[in-house]
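**Q** If you scroll down you'll find the structure; I have some questions about it.
The values are calculated or read from the model by the stated rules, or taken from the named source; none is laboratory data. All values reported here derive from a predicted model rather than from experimental measurement. So basically every Cβ, Gly included, is an ideal-geometry build from the backbone, and we count neighbours across all protein chains shown.
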Amino acid sequence: MEELRTLAKQLFKLFALVFVLVGIVFILLLTYEPKSEDYVPVVTEEIAAKDIWKPKDAISELSSMPDKVKKGYYLIAETSKFMGPHAENDEDRYSGNNLACANCHLQKGAQAGSGSWVGVIERFPQFGGRGNKIGTIEDRINGCMERSMNGKMLPIDSDKMEAIVAYMDWLGEDLPANRKAEFKGYPKIEIPNVAVNLEKGNQVYKKECVICHGENGGGVLNTADGKSYTYPPLWGADSFNDGAGMHRVITAAEFIKSNMPYLQATWDNPKLTDEEAYHVAGYINSFSRPHKLNSENDYPDKKLKPVSTPYGPWSDDFSPEQHKYGPFPPIMEYYKQEYGITKTK
């Protein structure tokens, strides 16, 4: 019996000692401040990619660009001078207005949410409803040349085409897989179930747009040459033509919300609401602009035509007015019910 008492006392002392030691360790942990060399942060692949990889700054890297890439840069940055109305030789004048490609593809094509070219090369070939065929990146560039630039196609094997493609490819070098979606197209908006209100659009334009694009939508010329644009015209003779994607209200609204006002808004931190972008897009597209010939041949399968395409024919009985200004959800619902096609623009 005495032996059991002795054993119990020994165990009690042991438990007490363990309790004291645990308490000391706990206090040390509470008061311990690790030195910088002791702390190793947990860095996931996603965090590392966002912290380390950034879109290229073409201007700062201009001197180190390969020659073909540099030529592509000048073609997209000073389009009017090198392949537009102010090109030295007549045979180089492919663009029909004085816009630069970089007037819409912001930060020289590097800005997410503005139809960025970062990673665009690997997305082609792809199917395009406008031609109802699998198209190449060269086809896509020529679509812009004929519509946004109101001009004519570049020869596929021309040095200009090859240089533009080389520049686009250069922009997307080392793009992490988990950043690809960020640079694809324009972020979607929630499309209002109302027609464009031109007065509301006018109010947004006067508040947010007029300082750069002017009361008459004519833009601001570059003071250095007086020929190209620092801020592009949004309508009128020197703007994109009526066959361009930006002449569709939904497409224009997506671009506007993600990028405008310039240097104030980004795709992940917009300034305008969906509704404001929608109404001002309709207001901008209510004015006249150059006409794209043979636009009736676009979208051989008319069911694939975006609902906000403002020119016919269409595979429905909605009015031209509604196709231009909305409301668009009823048209989308029609295509879903009638043809099983889910449309987003």
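**Q** Out of (1) farther than 22 Å from Ser258 by Cβ; (2) at pLDDT below 95, what's the single condition that is false for Ala49?
**A** So the condition that Ala49 fails would be (1).
**Q** Restricting the first residue to the stretch 334-345 and requiring it to be assigned by TED's automatic domain parsing to the domain that holds Ser319 and surrounded by fewer than 13 Cβ atoms within 10 Å (Cβ to Cβ), which pairs with a second residue that is among the charged types (D, E, K, R) and part of a helix (DSSP H, G or I) meet a Cβ separation below 6 Å and a spacing of at least six or different chains?
**A** Hits for this filter: Thr342/Lys336.
**Q** Sort out which residues of the stretch 303-345 are farther than 24 Å from Lys152 by Cα and of a type in the set (Lys, Arg), and write them in order of number.
**A** The answer is Lys303, Lys324, Lys336, Lys343, Lys345.
**Q** Please find, within the stretch 150-200, the residue that is nearest to Ala58 (Cα to Cα) out of those that are among the acidic types (Asp, Glu) and surrounded by fewer than 18 Cβ atoms within 10 Å (Cβ to Cβ).
**A** From the stretch 150-200, those among the acidic types (Asp, Glu) are 157, 159, 162, 169, 173-174, 182, 190, 199; that's our starting set.
Subsequent filtering for residues that are surrounded by fewer than 18 Cβ atoms within 10 Å (Cβ to Cβ) retains 157, 159, 162, 173-174, 190, 199.
Details: Asp157: 24, Asp159: 20, Glu162: 18, Glu173: 13, Asp174: 15, Glu190: 33, Glu199: 39 Å.
Checking each candidate, the answer is Glu173.
**Q** Taking Gly219 and the conditions (1) among the small types (Gly, Ala, Ser); (2) buried (at least 16 other Cβ atoms within 10 Å of the Cβ); (3) in the same structural domain as Glu78 (by TED's automatic domain parsing), which numbered condition does it fall short on, given that it satisfies the others?
**A** All conditions are met except number (3).
**Q** Any residue that is assigned by TED's automatic domain parsing to the domain that holds Pro155 and over 22 Å from the mean Cα position of the chain (by Cα) - is there at least one of those in the stretch 72-79?
**A** Within the stretch 72-79, not a single residue is assigned by TED's automatic domain parsing to the domain that holds Pro155 and over 22 Å from the mean Cα position of the chain (by Cα).
**Q** Let me ask you something else. Determine whether Gly119 is closer than 22 Å to Asn259 by Cβ, crowded, with 18+ Cβ neighbours inside 10 Å and either in contact with a strand residue (DSSP E or B) (Cβ under 7 Å, 6 or more places away or on another chain) or outside the structural domain of Phe240 (by TED's automatic domain parsing) (or both).
**A** yes
**Q** Would you mind telling me which numbered condition in (1) within 17 Å of the chain's Cα centre (by Cα); (2) part of a helix (DSSP H, G or I); (3) over 17 Å from Tyr74 (Cβ atoms) Asn142 fails?
**A** Of the numbered conditions (1) within 17 Å of the chain's Cα centre (by Cα); (2) part of a helix (DSSP H, G or I); (3) over 17 Å from Tyr74 (Cβ atoms), the odd one out for Asn142 is (1).
**Q** Identify, by number, the condition in (1) within 23 Å of the chain's Cα centre (by Cα); (2) outside the structural domain of Arg123 (by TED's automatic domain parsing); (3) surrounded by 15 or more Cβ atoms within 10 Å (Cβ to Cβ); (4) in a helix (DSSP H, G or I) that Gln203 doesn't meet.
**A** (1)
**Q** Looking only at the stretch 110-118, decide whether some residue is of a type in the set (A, V, I, L, M, F, W, C) and in a helix (DSSP H, G or I).
**A** no
**Q** Evaluate the following for Lys227: is it in contact with a helix residue (DSSP H, G or I) (Cβ under 7 Å, 6 or more places away or on another chain) and either hydrophobic (A, V, I, L, M, F, W, C) or in a helix (DSSP H, G or I) (or both)?
**A** no
**Q** Got a sec? Which helices (runs of 4 or more DSSP H) wholly within the stretch 259-345 have at least 2 residues that are among the hydroxyl-bearing types (Ser, Thr, Tyr)? Even if it seems obvious, please write down each step before you answer.
**A** Numbers: elements: 274-284, 320-325, 329-339.
In the stretch 259-345, 274-284, 329-339 are the helices (runs of 4 or more DSSP H) which contain 2 or more residues that are among the hydroxyl-bearing types (Ser, Thr, Tyr).
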